[in-house]
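The values are calculated or read from the model by the stated rules, or taken from the named source; none is laboratory data. Computed from a predicted model, the values in this text were never measured in an experiment. Counting neighbours? That spans all protein chains shown, and the Cβs are built from the backbone with ideal geometry, glycine included. Please note that ligands, DNA and RNA were not included when accessible areas were found on the heavy atoms of the full protein model with its side chains. Shrake-Rupley method; radii C 1.70, N 1.55, O 1.52, S 1.80 Å.
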Amino acid sequence: MRLNLSSQIVLNKIPEAFYNPKTAVERSEITREEHIRTDIFQTMEEGASNIADAIVAEIKAKEQLGKYCVLGLGTGQSLTPVYNELIKRYEQGEISFRNVVVFNVYEYFPLVAGQNSALNQLRERLLSHVDIPEQNVYSLDGTISQEKVQQQCRLYEQRIQTFGGIDVMLLGIGRLGNIATNEPGSGLTSATRLILIDATSREEMSVSFGSTESVPPCSITLGIANILAARKIYLTAWGEEKADIICKTVEGKISDSIPASFLQTHNDAHVVIDLSAASKLTRIIHPWLVTSCEWTDKLTRAALVWLCQITGKPILKLTNKDYNENGLSELLALYGSAYNANIKIFNDLQHTITGWPGGKPNADDTYRPERATPFPKRVIVFSPHPDDDVISMGGTIQRLVKQGHDLHVAYETSGNIAVGDEEVTRFMHFVNGYNQLFMNNECETIKNMYKEIKEFLATKKEGDIDTAEVRTIKGLIRRGEARTACTFNNIPLDHVHFLDLPFYESGKIEKLPMTEKDVEVVRQLLQEVKPQQIFVAGDLADPHGTHRKCTDAVMAAIDVEKEAGAEWLKDCRIWMYRGAWAEWEIENIEMCVPMSPEELRAKRNSILKHSSQMESAPFLGNDERLFWQRAEDRNRATAALYDSLGLACYEAMEAFVEYKPL
C-alpha cells in the first residue's frame, strides 16, 4: 500500500536539467542567481539520502586516518529524514559511529531536570539508535543558573576546539531564516550565547513540546561565527512552506535579518532541498530568466502572468516590446506574435472559471473544467479538521448543494487538540446544570465526570496531555460545530461523516504515523458512497502535517480501489483545494468558482459556526487574522488577480487543481 502519494504530486513538470544539470557549465548557467551551492532533489527521501551519503563518507574517511569525525547536529523536524537514513545505514551494517563526536548546536533555557530538551530530542531521533559512545556526545546545559551561562559558552567553544573543530554541521532552517536558534538580528561574528526564541520559532518548536507555551523562552546556541567555522555545512529544507525563506537565503542579499544568508560567505556550504522547497528559486519559477525553455502551456501561462505583473498590464494589452524587454523573445518566436500568445493564455484562464463546480447539465462541456454528466453527482468533500471544508471551499459547497448534487462531508480527524480548555469548562457547566435541572441531579456518571474534569483542568500544566475524557468532550464540541455548519449549508446530517482517523489520536501536536488502518476507514466510505466527484485537501504545507497525512490516506484508499478495479472510480474526478495558508499558483488552477458578495457572506457565516476556532483557538499562529478573515482575503486576492489579468471581475473566487490517480 502506497502511503505517501502526496509526495509524488507534481503540478509543474520541471525538466531535470533545471534541478539536476549534467555539466558544470549547465549548472553555472542556471544557478547564476544563487549564492550558495544548492542541490535540488525530486523528493525529500532522495535529498536525505544524499546528505547521509556525504556524512557516511566523512565518517569512514576519518576512521581510516584514525581520527574522530566531529558533527554539529541540530534537532529540527527537517533533519529527521536524514537521521532516519543514517539509522538505516547503521542497522544494515554499512557504517559504525564509534569514531563520531557530536556537539548539540543548541539547548533550551531555562530547563528543569526531566524536562524535554534539545538533547533528548536528538537522542530520540538519532543517538539512541546508533553506536555513538555516550562520552562522545556533548551538549550545552539548560539547567544551570543564568550567571553561569556565559562561562559555559566559552568552555563549550573550547571543547569544540580540542577536537580540532567541527567537520560537518547539519542544520535545518526556520521560517524566518534562523539557523540553530540564531534568530533575525544575529550578527556574522556572534558567538555561543543565550538568546530569546522568536515567537515564530516557538510555534515551529511546539510540535516537540505539545504547545507553544511549553517551549522555554530562551536557548543557548552556537553563534553564526561558530557555525561558519565548521569545515562543511549542510542546510536542509523540505516542502513548499520553506520555499520563500530558501529563496531569500540562497538568492537574496546577506543580511542579519536572515541569519542563514551568512552561509553565502562559507566556501563549502550546501543547501539540500526537494523540488517543493525549491519552488521559488529563479531556475524553477522563472527559468526563462536563466536558460532556454521548452515551452509547455503551464510554463507559458506562468510567464505571461509574471509579465502582466511586472508591466502592470492585463494579458490582452501585452506587446511584442514587453516580451522582448523582459526575456521572453522565445515565446514570440514560438507563437509568432504577442497577440497569438496573449489570446491563447487568456482563453485558457477564461475556461477555468465556472459557476457550475459539479458540471452544468445539458451544456457543451468541451471547455468546462467539469463534465456535464452524470448529473446530479454524488460528491464527497474530505475535510482534515472539522472546519477545513467551509474555510477552503465553503462557497463551492453552497453551489454544489443548491445545484442539486448529493453532497457528503467527511471529517477525517476529531480536531480535539485545537479546542481550548475554557470550552470544555463551559460545556461541562451546561451538562452539569442539565443534570441538576432536568434529571434531579441523579446521574452519578455526570457528577463524577464533572468533578474529575474540573480537578484535572485546575491542576493541568502547560504541555500536559488531556485525559481521554477531556479529548472526547473536545471532539464532541467540534462535531457539534461541524453539524451546525452543515445544517446551515443544507447538508443532511446523515451525509455528515466523522471518520476519526486513528493517526490523529496521539493527544499531542506531533501525530502518529498514518497507517493502513486510516486508509481502510476512508476506503469503506468510498465504497459506500461510490462518489463521482471528490474534493480533498491540497494544503501540503499545513504547519502541523495533519492535512498531508489526511490527503495521503484518501489517495492511498483511491489507489487501492484503482488496483482492485473499482467501477465507481472510472467515472470520478478528484479536485484538490487549498485552505487558510495559501492559494494555488495561477498557472496550476484548473477550476475557479466565483462568489458574489452574498455568497462570500454566507461562507463567512458557515465558518463562524465553528465558534471554538475563533479568537480562543489554540493554533491560530502568528497571523493575527482569524480563519474566516484569512479565507476571505485569499478568495478576494484570487479574484483580484483574475481581474488584473483582464478577465471577469468577481467579489471572490475559490480555486482547485485536478488530481489524477498515479
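The rows are residues; the columns are (1) under 33 Å from the mean Cα position of the chain (by Cα); (2) without any contact (Cβ under 8 Å) to a residue 24 or more places away in the chain; (3) not in a strand (DSSP E or B).
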position: GLN152; (1), (2), (3): no, no, yes
position: GLN161; (1), (2), (3): no, yes, yes
position: MET169; (1), (2), (3): yes, no, no
position: ARG175; (1), (2), (3): yes, no, yes
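Residue by residue through segment 594-625, note down the ones that are open to solvent by 70 Å² or more (accessible area, probe 1.4 Å) and at pLDDT below 90.
GLU615, ASN622, GLU624, ARG625
Conditions: (1) within 26 Å of ALA17 (Cβ to Cβ); (2) touching a residue at least 24 places away in the same chain (Cβ under 8 Å); (3) crowded, with 20+ Cβ neighbours inside 10 Å. VAL215 meets all but one. Number of the miss?
Going through (1) within 26 Å of ALA17 (Cβ to Cβ); (2) touching a residue at least 24 places away in the same chain (Cβ under 8 Å); (3) crowded, with 20+ Cβ neighbours inside 10 Å one by one, VAL215 breaks only (1).
Would you mind listing the helices (runs of 4 or more DSSP H) fully within segment 177-251 where at least 3 residues are hydroxyl-bearing (Ser, Thr, Tyr)?
Details: elements: 199-209, 224-228, 243-251.
Of the helices (runs of 4 or more DSSP H) lying wholly inside segment 177-251, those with at least 3 residues that are hydroxyl-bearing (Ser, Thr, Tyr) span 199-209.
Would you call ILE144 surrounded by fewer than 20 Cβ atoms within 10 Å (Cβ to Cβ), of a type in the set (A, V, I, L, M, F, W, C) and in contact with a helix residue (DSSP H, G or I) (Cβ under 7 Å, 6 or more places away or on another chain)?
On the way: surrounded by fewer than 20 Cβ atoms within 10 Å (Cβ to Cβ): yes; of a type in the set (A, V, I, L, M, F, W, C): yes; in contact with a helix residue (DSSP H, G or I) (Cβ under 7 Å, 6 or more places away or on another chain): yes.
The answer is yes for ILE144.
Checking GLN92 against (1) open to solvent by 10 Å² or more (accessible area, probe 1.4 Å); (2) within 29 Å of VAL149 (Cα to Cα), only one condition comes out false. Which one?
Result: GLN92 passes all but (2).
Given the residues TRP295, TRP288, TRP306, which is the only one that is closer than 30 Å to GLU330 by Cα, at pLDDT below 95, assigned to a helix (DSSP H, G or I) and not acidic (Asp, Glu)? Working first, answer last.
Values: TRP295 fails: assigned to a helix (DSSP H, G or I); TRP306 fails: at pLDDT below 95.
So the residue among TRP295, TRP288, TRP306 that is closer than 30 Å to GLU330 by Cα, at pLDDT below 95, assigned to a helix (DSSP H, G or I) and not acidic (Asp, Glu) is TRP288.
When you scan segment 142-156, do you find a residue that is in contact with a Cys (Cβ under 8 Å, 6 or more places away or on another chain) and either at pLDDT 95 or above or closer than 29 Å to SER255 by Cα (or both), even just one?
Restricting attention to segment 142-156, the residues satisfying the condition of being in contact with a Cys (Cβ under 8 Å, 6 or more places away or on another chain) are none.
Among the residues of segment 142-156, not one is in contact with a Cys (Cβ under 8 Å, 6 or more places away or on another chain) and either at pLDDT 95 or above or closer than 29 Å to SER255 by Cα (or both), which makes the answer no.
Scan (1) under 18 Å from HIS610 (Cβ atoms); (2) open to solvent by 10 Å² or more (accessible area, probe 1.4 Å); (3) out of contact with any Lys or Arg (no Cβ under 6 Å at 6 or more places or on another chain) for the single condition ARG636 breaks and write down its number.
(1)
Return only the number of the condition from (1) in contact (Cβ under 8 Å) with a residue 40 or more places away in the chain; (2) part of a helix (DSSP H, G or I); (3) within 27 Å of ASP406 (Cβ to Cβ); (4) open to solvent by less than 10 Å² (accessible area, probe 1.4 Å) that PHE503 does not satisfy.
(3)
Looking at GLY579, GLY646, GLY565, can you tell me which residue is in a loop (DSSP other than H, G, I, E, B) and either within 22 Å of the chain's Cα centre (by Cα) or buried (at least 20 other Cβ atoms within 10 Å of the Cβ) (or both)?
GLY579
Could you tell me whether any residue of segment 583-592 is modelled with pLDDT under 95 and open to solvent by 40 Å² or more (accessible area, probe 1.4 Å)?
yes
Six or more apart or on different chains, Cβ atoms under 8 Å: show the pairs whose first residue is in segment 630-655 and free of Cβ contacts under 8 Å to residues at least 24 places away in the same chain and whose second is surrounded by fewer than 17 Cβ atoms within 10 Å (Cβ to Cβ) and assigned to a helix (DSSP H, G or I).
Short answer, once both residue conditions are applied: CYS649/ASP643.
Please state which one of GLU63, GLU34, GLU58 is at pLDDT 90 or above and open to solvent by 70 Å² or more (accessible area, probe 1.4 Å). Please lay out each step first, then the result.
Working: GLU34 fails: open to solvent by 70 Å² or more (accessible area, probe 1.4 Å); GLU58 fails: open to solvent by 70 Å² or more (accessible area, probe 1.4 Å).
Unique residue meeting the criteria: GLU63.
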